[in-house]
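Below is one structure, written out as structure tokens; the observations come after it.
The values are calculated or read from the model by the stated rules, or taken from the named source; none is laboratory data. Fair warning: this is a prediction, and the values are worked out from it, not measured in the lab. Using ideal geometry, Cβ is built from the backbone for each residue, glycine included, and neighbour counts are taken over all protein chains shown.
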Amino acid sequence: MALVVVRGALFGELADQVASEAIMALLVFTAIGWIAGWIADYLVRDAVEVSFRRRVDWYRQGVAESVRLENKPSEES
């Protein structure tokens, strides 16, 4: 927005024209920011979910292994 105001001041444009251009610039960059934020949110959520699922699988395998070792008949008997 500041760039639009500076450009308007340099070229001697009217205030209402500069204000409308500045508002349009804000809307464009708001849309760009929203899209970038949505993509970042999706990527972070996906990474956290994948990490969580791997950790749960690792835990389940550990529990299954410990149960298998406990139920294994000993060779000393």
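Residue check: is Ala64 of a type in the set (A, V, I, L, M, F, W, C), out of contact with any strand residue (DSSP E or B) (no Cβ under 9 Å at 6 or more places or on another chain) and at pLDDT 95 or above? Spell out the reasoning first.
Working: of a type in the set (A, V, I, L, M, F, W, C): yes; out of contact with any strand residue (DSSP E or B) (no Cβ under 9 Å at 6 or more places or on another chain): yes; at pLDDT 95 or above: no.
Criteria not met by Ala64.
Please specify each residue of the stretch 1-19 satisfying the condition of being of a type in the set (Gly, Ala, Ser) and assigned to a helix (DSSP H, G or I).
Our first condition is that a residue be of a type in the set (Gly, Ala, Ser); within the stretch 1-19, this holds for 2, 8-9, 12, 15, 19.
Those that are of a type in the set (Gly, Ala, Ser) and assigned to a helix (DSSP H, G or I): Ala2, Gly8, Ala9, Ala15, Ala19.
Test Ala25 against the criterion of being in contact (Cβ under 8 Å) with a residue 24 or more places away in the chain and within 25 Å of Ala2 (Cβ to Cβ), and give yes or no. Criteria met by Ala25.
Mind counting the residues in the stretch 1-35 that are among the hydrophobic types (A, V, I, L, M, F, W, C) and surrounded by fewer than 11 Cβ atoms within 10 Å (Cβ to Cβ)? Even if it seems obvious, please write down each step before you answer.
To start, the set of residues in the stretch 1-35 that are among the hydrophobic types (A, V, I, L, M, F, W, C) comprises 1-6, 9-11, 14-15, 18-19, 22-29, 31-32, 34-35.
Adding the requirement that they be surrounded by fewer than 11 Cβ atoms within 10 Å (Cβ to Cβ) leaves 2-3, 10-11, 14-15, 27-28, 31-32, 34-35.
Matching residues across the stretch 1-35 total 12.
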